[in-house]
Amino acid sequence: MQDKEILNPEQFTDPSSTPGLGRLVALDLGTKWIGVAVSDEQQIIATPVRTIERKSWKKTLVAVKDILAEFDAVGLVIGLPYNSDGTESEMSQAVRRLARNFSLSLTIPIVLQDERVTSYEARQRLWARGVELKDTKSLVDSEAAAIILSDFLSSRP
């Protein structure tokens, strides 16, 4: 498959490619929904923002560009799903392709961040805050994006 030849597994993994100040936006890319989170300008706190519906590439790109503009983002962090044993899945390759597409369409740095078990952790956090089980479905993706962003921020030197 040509995409595997084009996409370097190391591409998008250098956290130092993002500026040290300014808001970062994180995405938890699902097949139907995309969770969105944003950092503060000092890049200390990650806050869930919203969930957007994933439609065509063009509509997804427009929605992400609007969010980046809304927060005047200086970087984009995308959750990279791995299997629990650390191997990559078909979804990992799909996320890498999307990251490449974003990199061709955006002028800010893009970084991939390991997102293993973030959805599970997001559900646990929501339940710990007393969110009703029926309400967690609409909040879990943006909460997972906040975890992805928080993990990224804490992993930087």
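With a simple spin-label model that places each label point 7 Å from the Cα along the Cα-to-Cβ direction, the separation between D14 and S138 comes to 4.2 nm. Given their separation in residues at 0.36 nm each and the Cα-Cα distance between them, R50 and K65 gain 4.0 nm when the chain is fully extended. Per residue of the chain, the DSSP helices (runs of n ≥ 4 H) give a summed -39500 (n - 2.57) that works out to -14000 deg cm²/dmol at 222 nm.
Could you pull out every whole DSSP H run in the chain that spans at least 27 Å of Cα extent along its own axis and averages -0.5 or higher on the Kyte-Doolittle scale? Span-like helices, by this rule, are 133-155. Summing Cβ point charges (Lys, Arg +1; Asp, Glu -1) relative to the Cα centre of the chain gives a dipole of roughly 480 debye.
For a straight C-alpha distance cut-off of 22 angstrom, the lysines reachable from K134 (same-chain residues fewer than eight places away being disregarded) are K32. Highest mean packing comes first when the peptides 28-37, 94-103 are listed by Cβ atoms within 10 Å, giving 28-37, 94-103. In terms of packing, defined here as the mean over residues of other Cβ atoms within 10 angstrom, the peptides 136-142, 146-152, 68-74 line up highest first as 146-152, 136-142, 68-74. Here Kirkwood radius over Cα pairs in Å was calculated from the structure, and among (i) 17.2; (ii) 15.6; (iii) 23.2 it sits at label (ii).
Read-outs: derived from the displayed coordinates by stated rules, not from any lab. Quick caveat, the model's predicted, so the values are computed rather than measured. Glycine gets a Cβ as well: all are built from the backbone with ideal geometry, and neighbour counts include every protein chain shown.
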